[in-house]
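K.L.:
The following block contains the structure, expressed as structure tokens.
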Amino acid sequence: MRMSEKLIKEMFNTSELPIIDFSLGDVSQKAQKSTGKLSISGVQPKLSMKLDRKNNSLISVAEGGEYILKPQTAAFPNIPENEQCCMDIAAEFKIEVPPHCLLSLKDGSWAYIVKRFDRESGVKIHQEEFYQILESGDKYKGSVEQVGRKLREISTAPGYDVQLLFERVVFSFIIGNGDAHLKNYSIAYKDRETIRLTPVYDIVSSKLVIPDEEDSALSINSRKNLLKRDDFDKLAEYLNIPIKIRYEKFDKSLALMETIIN
């Protein structure tokens, strides 16, 4: 897979694509070595990576990571390709996404890598997941309405961020992402005066690998499954999303998806 010079520059600030000098079979050991324990979210291992500019290679690190790498997993094949595709589609929807791409490991298997957005010039930006903010205790326990209400309270651009939230919820439904839980929505404290919804992350079409999964990890209009447009309309009303914007976002998403498929 050939990567454009523009994306290489955006991802790594280099002119040549960095190499990864380890194989899929090495991932679990590297995760355990760098953290002292096996780091797994669900069933997919993740590695914190940093660019060794001297050798133009990506190496796993315990601290100071610049990227997150997600390799293949036996339980759900092609998850890296799935996430890459969904993030690319999100970008086409004009949804804010961090720089991301697929890279080949030493054995030729594909891994998804994303640039961390909680770092700026090497300084960590404080972020909080809504799992923490709502003190849920269960990342699947809660509603989009709760997230939206709290987001409106704490965001320094509440009206705009709530609109972005609605757009992302609609997008997740359209692509079949039934796993957008409380840990998949976060805010960033960029400075003392700026608190905003973060870019999207961990977006996959979960229904491609778990067809019987519910439509939404969080309830929408008191439902998680068999969602209809009326449920999103009720959500929009609750979030005070203007009718013009509400329908524009929904119809625009559907029209764009049809264009991509065709």
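K.L.:
Scan (1) in contact with a Leu (Cβ under 7 Å, 6 or more places away or on another chain); (2) not in a loop (DSSP other than H, G, I, E, B) for the single condition Val114 breaks and write down its number.
P.N.:
The failed condition is (1).
K.L.:
Here's another thing I want to ask about it. Within the range 230-243, track down each residue that is surrounded by 12 or more Cβ atoms within 10 Å (Cβ to Cβ) and free of Cβ contacts under 8 Å to residues at least 24 places away in the same chain.
P.N.:
Here is the first cut: in the range 230-243, the residues surrounded by 12 or more Cβ atoms within 10 Å (Cβ to Cβ) are 231-241.
Once the filter is applied, which keeps residues that are surrounded by 12 or more Cβ atoms within 10 Å (Cβ to Cβ) and free of Cβ contacts under 8 Å to residues at least 24 places away in the same chain, the range 230-243 yields Asp231, Asp233, Lys234, Glu237.
Residues are listed down the side, and each one gets a yes or a no for (1) surrounded by 14 or more Cβ atoms within 10 Å (Cβ to Cβ); (2) at pLDDT 95 or above; (3) outside any helix (DSSP H, G or I):
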| site | (1), (2), (3) |
| --- | --- |
| Phe76 | yes, no, yes |
| Asn82 | yes, yes, no |
| Val97 | yes, yes, yes |
| Cys101 | yes, yes, yes |
| Tyr131 | yes, yes, no |
| Glu145 | yes, yes, no |
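K.L.:
Identify the residue in the range 52-66 that is over 15 Å from Ala111 (Cβ atoms) and touching a helix residue (DSSP H, G or I) at 6+ places or on another chain (Cβ under 7 Å) and, among all such residues, is modelled with the lowest pLDDT.
P.N.:
Ala62
K.L.:
Moving on. Among the listed residues Arg196, Arg246, identify the single one that is outside any loop (DSSP other than H, G, I, E, B), touching a residue at least 40 places away in the same chain (Cβ under 8 Å), basic (Lys, Arg) and farther than 30 Å from Arg116 by Cβ. First the steps, then the outcome.
P.N.:
Values: Arg196 fails: farther than 30 Å from Arg116 by Cβ.
Of the residues listed, the single one that is outside any loop (DSSP other than H, G, I, E, B), touching a residue at least 40 places away in the same chain (Cβ under 8 Å), basic (Lys, Arg) and farther than 30 Å from Arg116 by Cβ is Arg246.
Conditions tested, residue by residue: (1) outside the structural domain of Lys249 (by TED's automatic domain parsing); (2) buried (at least 18 other Cβ atoms within 10 Å of the Cβ); (3) touching a Lys or Arg at 6+ places or on another chain (Cβ under 6 Å).
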residue	(1), (2), (3)
Tyr67	yes, yes, yes
Ile89	yes, yes, no
Phe93	yes, yes, no
His126	no, no, no
Gly137	no, no, no
Phe173	no, yes, no
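The values are calculated or read from the model by the stated rules, or taken from the named source; none is laboratory data. In this text, all values refer to a predicted model and were calculated from it rather than measured experimentally. Every residue, glycine as well, gets a Cβ built from its backbone with ideal geometry; the counts of neighbours run over all protein chains shown.
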